[in-house]
């Protein structure tokens, strides 16, 4: 069954609630104060079915200027609006303000209801009021809309209204079900035996009984215990439905009007919004940088500060991109509509749509550049907008969750576009949890920076094999995440542009070439260790016998260790590789003949003292030549063979 939401609009006491009661039999004024005073204070709800079978949910909004913020809440999710004008009064201030709000919220279509015609006997007066309506709606979405004359007392015109609404409703496209379920909360109450219930107009997605939910921006986790639509229990609700959800395990104080109920990980609360804002031509003065305003989006009302980007103020009738800094967080998506009202006096002055619900804060020097970028974003289609947001993140990359909120594109549609961009080579997918995406231009910048840092290290340390992975990572910009660095390094390694050997990174063609004076130092150091064999001195004790400066000696010593000419067995104990190769042969032959080797036998076999014996035995264990069994060593291969035969 097709469903639409009809909203009312119009000045106080222009017959909105009376007409709905006459149309549906439902009194939308449910509060005692509303009945006593005869005015609508809170949002009211009703429903009825059109002859075509379309189910209409009605949101009745207050007309009094003190309750316009409730009207803005009620306008969220409207498919069509009925603008009410009393025949005995004509167009009034709230008529115009409500019409402005509907325009700013981009409500696509509607009709005008001329009420209380039973109170006016003069046909010329009726024509004057209609002319007043035509003048007020000129240039708006209601220009040329049907004007239905009705009386809630006599019932005159109600059938004509139903027919006119039915014609409009048939052409209204049902809201798409893709994207996350979102219910901006416009009412909260408790039911004995059930607990907390929230109501609102479902904006997107599908909710089913038992589905997990979160109350945003508070972050309260819950589930949909039961779901009702127009007072009837249902197993699921779809966009455009007036929906009530019984929230499991949520206290009344854990949720309020303005919150949004949606699935986990579907929204991200924020106090910054980059928006396209239009100041109404009727605004009494320009909107200046730093002005405090009342920001309405969905059912939320928050205080916000206007941060102008490319100008000091917005003149009445102008549209500009600005950043709004909210006093408290809210959870919205890109392209959501909003209304701003002045702080004092409280009147509607403008509104527009959200361009980026998760922007960075725009500082003084970057404001002009930010405005230029946002003006480009305003004109982009889905695919280009996704690419724009990925490029904006530069070397930081952006995850799926944030990208969804920034574009309001979800699921298969988003994944298809990302795959297409990746296949075209425009973006790079960075593995991890969650997966991130980076523009190829910025990914290449990270790669180029890695190559530059490695080359610089080679120039500064020509005798070193390469730079350690850790030192390389810390030498890069703090804006490059650890996994972005890892992905870029792996890509460079796979393409053969760098060599990664354990924890050392080097360029493929890097080789240390010793200068003549360095060759002399190398030969002197090597002679010390070749002559010492298995009982070498500490280098610090013989360093002064080697030519060159201290830095040169230490640098060449490290180069010899990196090249495997010398081997560090333990701290300051360094041996020549030839001595250790000979040692391995000696020990293996002994173990093959004798089966085992004690520390005492090792000292006798090699002629070394305990100072060298224990470190060398531990070195042989690490090299998997020997295996320690109690106090003796055995040949590791023999031990494996014995274990296998057992």
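Which of the following residues is within 26 Å of residue 325 (Cβ to Cβ), buried (at least 21 other Cβ atoms within 10 Å of the Cβ) and at pLDDT below 95: 260, 275, 185? Outline the logic, then answer.
Working: 260 fails: at pLDDT below 95; 275 fails: at pLDDT below 95.
Only one candidate passes the filter, namely 185.
Evaluate the following for residue 281: is it part of a loop (DSSP other than H, G, I, E, B), at negative phi and crowded, with 22+ Cβ neighbours inside 10 Å? Walk me through it before giving the result.
On the way: part of a loop (DSSP other than H, G, I, E, B): yes; at negative phi: yes; crowded, with 22+ Cβ neighbours inside 10 Å: no.
So residue 281 fails the test.
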(1) under 30 Å from residue 215 (Cβ atoms); (2) buried (at least 19 other Cβ atoms within 10 Å of the Cβ); (3) at pLDDT below 95 all hold for residue 251 apart from (2)
(Q) Looking at the structure I just gave you, is residue 160 in the same structural domain as residue 13 (by TED's automatic domain parsing) and either without any contact (Cβ under 8 Å) to a residue 24 or more places away in the chain or in contact with a strand residue (DSSP E or B) (Cβ under 6 Å, 6 or more places away or on another chain) (or both)? (A) yes
When residue 536 is run through (1) touching a strand residue (DSSP E or B) at 6+ places or on another chain (Cβ under 9 Å); (2) in a loop (DSSP other than H, G, I, E, B); (3) touching a residue at least 60 places away in the same chain (Cβ under 8 Å), the failure sits at (3)
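So which of 425, 397 is touching a helix residue (DSSP H, G or I) at 6+ places or on another chain (Cβ under 8 Å) and either closer than 17 Å to residue 276 by Cβ or surrounded by fewer than 17 Cβ atoms within 10 Å (Cβ to Cβ) (or both)?
The conditions single out 425.
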Quiz item: Can you spot a residue in segment 364-374 that is in contact with a strand residue (DSSP E or B) (Cβ under 7 Å, 6 or more places away or on another chain) and closer than 30 Å to residue 437 by Cα?
Solution: yes
Residue pairs within 8 Å by beta carbon, gap of at least six or interchain, first lying in segment 1-23 and at positive phi, second at pLDDT below 85 and part of a loop (DSSP other than H, G, I, E, B), listed first then second, are 10/63; 13/38; 13/39; 13/63
Conditions (1) surrounded by fewer than 16 Cβ atoms within 10 Å (Cβ to Cβ); (2) farther than 29 Å from residue 94 by Cα -> residue 286 fails only (2)
So residue 244, is it crowded, with 17+ Cβ neighbours inside 10 Å and assigned by TED's automatic domain parsing to the domain that holds residue 25 = no
### Task
Take residue 557 and decide whether it is over 24 Å from residue 467 (Cα atoms) and either surrounded by 17 or more Cβ atoms within 10 Å (Cβ to Cβ) or touching a strand residue (DSSP E or B) at 6+ places or on another chain (Cβ under 8 Å) (or both).
no
Among helices (runs of 4 or more DSSP H) completely within segment 80-198, the ones holding 3 or more residues that are within 25 Å of residue 258 (Cα to Cα) are 93-104
When every residue in segment 606-618 that is surrounded by fewer than 16 Cβ atoms within 10 Å (Cβ to Cβ) and either more than 60 Å from the chain's Cα centre (by Cα) or not assigned by TED's automatic domain parsing to the domain that holds residue 534 (or both) is compared, the one farthest from residue 630 (Cα to Cα) is 607
- Task: For segment 504-517, state whether one or more residues are part of a helix (DSSP H, G or I) and over 49 Å from the mean Cα position of the chain (by Cα).
- Result: yes
ask   = With respect to residue 297, is the statement that it is surrounded by fewer than 18 Cβ atoms within 10 Å (Cβ to Cβ), under 27 Å from residue 402 (Cβ atoms) and either in contact (Cβ under 8 Å) with a residue 40 or more places away in the chain or within 24 Å of the chain's Cα centre (by Cα) (or both) true?
value = no
The number of residues in segment 188-217 that are more than 28 Å from residue 296 (Cα to Cα) and surrounded by 21 or more Cβ atoms within 10 Å (Cβ to Cβ) is 0
_Would you confirm whether or not segment 136-152 contains a residue that is more than 49 Å from the chain's Cα centre (by Cα), closer than 18 Å to residue 10 by Cβ, surrounded by fewer than 16 Cβ atoms within 10 Å (Cβ to Cβ) and in the same structural domain as residue 58 (by TED's automatic domain parsing)?_
no
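Select from segment 326-339 the residues that are buried (at least 24 other Cβ atoms within 10 Å of the Cβ) and either part of a loop (DSSP other than H, G, I, E, B) or at pLDDT below 95 (or both) and list them in ascending order.
Going through segment 326-339, the residues buried (at least 24 other Cβ atoms within 10 Å of the Cβ) turn out to be 330-333, 338-339.
Once the filter is applied, which keeps residues that are buried (at least 24 other Cβ atoms within 10 Å of the Cβ) and either part of a loop (DSSP other than H, G, I, E, B) or at pLDDT below 95 (or both), segment 326-339 yields 331, 332, 333, 338, 339.
Do we find a residue being closer than 20 Å to residue 500 by Cβ and not assigned by TED's automatic domain parsing to the domain that holds residue 559 anywhere in segment 392-404? Working first, answer last.
Taking segment 392-404 and keeping what is closer than 20 Å to residue 500 by Cβ, we get none.
No, there is no match, as no residue in segment 392-404 is closer than 20 Å to residue 500 by Cβ and not assigned by TED's automatic domain parsing to the domain that holds residue 559.
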The helices (runs of 4 or more DSSP H) lying wholly within segment 372-488 that contain at least 3 residues that are at pLDDT below 95 and more than 21 Å from the chain's Cα centre (by Cα) are 440-460, 469-474
> Is there a residue being outside the structural domain of residue 431 (by TED's automatic domain parsing), touching a strand residue (DSSP E or B) at 6+ places or on another chain (Cβ under 7 Å) and buried (at least 18 other Cβ atoms within 10 Å of the Cβ) anywhere in segment 509-532?
Replying inline: yes
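The values are calculated or read from the model by the stated rules, or taken from the named source; none is laboratory data. Bear in mind the structure is a predicted one, so any value in this text is a computation, not a measurement. Note: ideal-geometry Cβ built from the backbone for every residue, glycine included; neighbour counts use all protein chains shown.
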